[in-house]
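See structure below.
The values are calculated or read from the model by the stated rules, or taken from the named source; none is laboratory data. Note that this is a predicted model, so its numbers are computed, not measured. All Cβ positions, glycine included, derive from the backbone under ideal geometry; neighbour counts span all protein chains shown. All accessible areas refer to the heavy atoms of the entire protein, side chains included, with ligands and DNA or RNA removed. Shrake-Rupley method; radii C 1.70, N 1.55, O 1.52, S 1.80 Å.
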Amino acid sequence: MRVASGRPLNEDELARIDAYWRAANYLSVGQIFLLDNPLLREPLRPEHIKRRLLGHWGTTPGLNLLYAHLDRVIAARRQHMLYVTGPGHGGPGLLANVWLEGTLSEVYPNVSRDESGMARLFRQFSFPGGVPSHVAPETPGSIHEGGELGYSLAHAYGAAFDNPELVVACVVGDGEAETGPLATAWHSTKFLDPVGDGAVLPILHLNGYKISNPTVLARIGDDELTALMRGYGHTPYLVEGNDPATVHQLLAATLDEIFDEISRIQREARAGGATERPSWPMIVLRTPKGWTGPKELDGLPVEGTWRAHQVPLPAARDDAAQLAALEEWMRGYRPEHLFDADGAPVPSLVDWLPAGVLRMGASPHANGGILTRSLELPDFRGYAVKTDAPGTQSAEATRVLGGYLRDVMAANMPYRNLRLFGPDETESNRLGAVYEVTGKAWQARTEPVDLHLARDGRVMEMLSEHTCQGWLEGYLLTGRHGLFSCYEAFIHIVDSMFNQHAKWLKVARTLPWRRPVPSLNYLLTSHVWRQDHNGFSHQDPGFIDHVVNKKADVIRVYLPPDANTLLSVADHCLRSRDYVNVVVAGKNPAPVWLDVEAAAAHCARGTGIWEWASNDDGDPDVVLACAGDVPTLETLAAADLLRRHLPDLGVRVVNVVDLMRLQPASEHPHGLSDADFDALFTTDRPVIFAYHGYPWLIHRLTYRRANHRNLHVRGYKEEGTTTTPFDMVVMNDMDRYHLVMDVIDRVPGLARKAAVVRQSMVDKRLAHHHHIRRYGEDLPEVRDWTWSAP
Ligand SMILES: Cc1ncc(C[n+]2csc(CCOP(=O)(O)OP(=O)(O)O)c2C)c(N)n1
Ligand SMILES: [Mg+2]
């Protein structure tokens, strides 16, 4: 590893940076422990100490050290910088720094930069009615919570894309580095364009420990660690030590060298000269966990060990010795030299800090909505499949969407604010038209066989759903737009990342100073019903169940039944802010049910009666409801069968494109009023509902509706394999024949009258079974079925 040389700080600069670091550490300890007496004007007494001591000290002095030194670089170079801290549990550190630089008080005027504000800063931390212990949405300057470890590096890269003037400093916890998402995110070096993108400076915080264990990377040799980092495309710089003055000089020298190096890489690439992939600098910071904290407790070492992770003096309120140790610890930072009589930072502590938006807590990139430019969106109607009558045309919905996305991409190219993300599936998901206007980002070696790879490509493809998700989150939270297309089954890989993003949005929406950011758009395709070639492992529609656990304010789920409705949904999602939009759509040829005007109207309603498929004259005997492209097909085929076999039966077909319409209006902003729901679904007629995913979700959404007792849902019940498309629906009892049987079983009086019809449906299913086993494909009457108008 490289070790920088030189001692760039003169005596005054060294004193200032060290004083700043001590102040940040003092303020961090104060937040964890103190209820009162913030300036230690009197000796600490138990009543000054919080009754519940909550927070994380161990990572904090390292985060504070880096903040101070990054500030020095920012001030010297007028460098726009964003600070992403993987160990987000170091919340007290970030809050201390934004208080010192003044941004906290600008956002929260009552946390003023004086003694009363300091008291409030301390009291509110991890306190009911106050702020969380982590770097949360409430923290100015943050785009990364860091509570769930693993996503810092992907977020940092997402923020850096298309921000050529920005450097994102990213602290990676050495424990965090053991996670899968973090491990794979190192590969982002092969996707970052030194010309059009900013830079990411990863800082591996090798404090040696996690909660109660050593970390893997701290217990391998420097040779192995160096080789690992080099293998990821980095030039590692080592900053190691436990003597503050020495570390200050070394860190300052290292950052000077590194920022020169980043400038050189960018300058050469931007001048059009360099085409080799650069080896980006990164830092290995090996300093003690809980540095400057209590050396030991009860004869056991604390500083420099895992015991420093959380609250190093857990009984400070009740144990006189620990209370004394806390006072000694805090006084050791010499607060009387750091804060004036009013409790404000003394001028020499802060007069060298960056000003205005160069302060990391005030970076507009960390409140990305400020920078958001709405997308230029061509009229989606121009991309629609022309159709004169329902079901007469066939289209691959996502391919139609691809044509629209190509032009959306082209229209926004000048603004460099839109990217598509996916784990190697853009082409497979039929969105390949975008390659007519942009390429796939790629900085590694290329071979003649490669297609569409480009240094400045706007399609981000890496076979890591985690990295795609993390990149996209970072891109959105810094104010840009994106779409993540993924196989439906494998989006589950990022269930937990979705959770964290939805939580972020939920909180951010309540903060008036946080501006809305573009929504996180998922296009889930290659879905459960048409994974007939990949089989059971690829069949899982459960992501929808997962997302609807989150706050209704944030979640939208769309199941467009055809290509034209998909266009309308996509247009809507790309305009929206602060949501997670989940869109599930097929990529296989499928009927186009609605012309584009009807599609737009249907999407605006979210659900509605398809009169052209109904014969109920306003008083149905049964409602056939459907949500999702394949369930819609089976439902219409069932309606067709009923019309032929039971012409007197009043059948109403209701399609649901916006799943959240099913919930009561009291539960979701899109929820139908009870009156509207009852008008569509009746209060007393059987409803046979064919649904794209697991059937119980429909019950969960509708259990309060008057007609819930008559609701019978068919959906995916975890039956699947490599088989024909129709066999998939048969295996799950959602096929047209079974839907007809369900109607006969549930409409009063029909069981007897229609016994012969029912029997013929059973026979059809048997015939299907034998046919596919003989010929390996579906019955012609199923395969070639089309809707014909009554
Ligand atoms: C994904 C995930 N798993 C487990 C935890 C629980 N946890 C919180 S902090 C921590 C240790 C973190 O160690 P490290 O990344 O080295 O951070 P630092 O030493 O800087 O505190 C763990 C395991 C978590 N927050 N996230
Ligand atoms: Mg650690």
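In segment 71-80, which residues are touching a residue at least 24 places away in the same chain (Cβ under 8 Å) and open to solvent by 10 Å² or more (accessible area, probe 1.4 Å)? Residues satisfying the conditions are Arg72, Ala75, Arg77, Arg78, Gln79, His80. Scanning segment 56-80 for residues being away from ligand 2 (no atom under 16 Å from the Cβ) and not small (Gly, Ala, Ser) gives a total of 11. Among the residues here, Asp197 does not qualify as away from ligand 2 (no atom under 16 Å from the Cβ), assigned to a loop (DSSP other than H, G, I, E, B) and open to solvent by 10 Å² or more (accessible area, probe 1.4 Å). Kindly indicate whether Pro202 is open to solvent by less than 10 Å² (accessible area, probe 1.4 Å) and either in contact with a Leu (Cβ under 7 Å, 6 or more places away or on another chain) or within 10 Å of ligand 1 (Cβ to nearest atom) (or both). So Pro202 fits the description; yes. Scanning segment 208-247 for residues that are in a strand (DSSP E or B) and within 16 Å of ligand 2 (Cβ to nearest atom) gives Tyr209, Pro214, Val239, Glu240. Is it true that Glu148 is open to solvent by 20 Å² or more (accessible area, probe 1.4 Å), within 13 Å of ligand 1 (Cβ to nearest atom) and without any contact (Cβ under 8 Å) to a residue 60 or more places away in the chain? For Glu148, the condition - open to solvent by 20 Å² or more (accessible area, probe 1.4 Å), within 13 Å of ligand 1 (Cβ to nearest atom) and without any contact (Cβ under 8 Å) to a residue 60 or more places away in the chain - is not met. The C-beta contact set for segment 197-215 (first residue more than 22 Å from Pro281 (Cβ to Cβ), second residue more than 6 Å from ligand 1 (Cβ to nearest atom) and assigned to a strand (DSSP E or B), distance under 7 angstrom, 6+ apart or interchain) comprises Gly208/Pro214. Criterion first (more than 16 Å from ligand 1 (Cβ to nearest atom), more than 27 Å from the chain's Cα centre (by Cα), closer than 16 Å to Cys170 by Cα and of a type outside the set (A, V, I, L, M, F, W, C)) does Thr226 satisfy it? No, not satisfied.
Table: residues versus (1) within 29 Å of the chain's Cα centre (by Cα); (2) within 16 Å of ligand 2 (Cβ to nearest atom); (3) touching a residue at least 12 places away in the same chain (Cβ under 8 Å).
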position	(1), (2), (3)
Leu82	yes, no, yes
Pro87	yes, yes, yes
Gly90	yes, yes, yes
Thr103	yes, no, yes
Ser112	no, no, no
Ala119	no, no, yes
Ser142	yes, no, yes
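Checked against (1) in a helix (DSSP H, G or I); (2) away from ligand 1 (no atom under 13 Å from the Cβ), Pro164 passes all but condition (1). Assess whether Gly173 counts as being more than 18 Å from the chain's Cα centre (by Cα), open to solvent by less than 30 Å² (accessible area, probe 1.4 Å) and within 11 Å of ligand 1 (Cβ to nearest atom). So Gly173 passes the test. You will find that of Gly93, Gly117, the residue that is among the small types (Gly, Ala, Ser) and either open to solvent by 10 Å² or more (accessible area, probe 1.4 Å) or farther than 27 Å from Thr467 by Cβ (or both) is Gly117 and no other. For segment 406-428, state whether one or more residues are surrounded by fewer than 24 Cβ atoms within 10 Å (Cβ to Cβ), in contact with a helix residue (DSSP H, G or I) (Cβ under 8 Å, 6 or more places away or on another chain), modelled with pLDDT of 95 or more and of a type in the set (Phe, Trp, Tyr). Looking for residues that are surrounded by fewer than 24 Cβ atoms within 10 Å (Cβ to Cβ), in contact with a helix residue (DSSP H, G or I) (Cβ under 8 Å, 6 or more places away or on another chain), modelled with pLDDT of 95 or more and of a type in the set (Phe, Trp, Tyr), one finds none in segment 406-428, hence no. Annotation note: of Leu44, Leu40, the sole residue that is on the phi > 0 side of the Ramachandran plot and aliphatic (A, V, I, L, M) is Leu40. For segment 655-741, the helices (runs of 4 or more DSSP H) that sit wholly inside it and include 2 or more residues that are aliphatic (A, V, I, L, M) and open to solvent by less than 10 Å² (accessible area, probe 1.4 Å) are 696-702, 725-731. Only strands (runs of 3 or more DSSP E) whose full extent lies in segment 386-469 are considered here, and the ones with at least 3 residues that are touching a Phe, Trp or Tyr at 6+ places or on another chain (Cβ under 7 Å) are 418-422.
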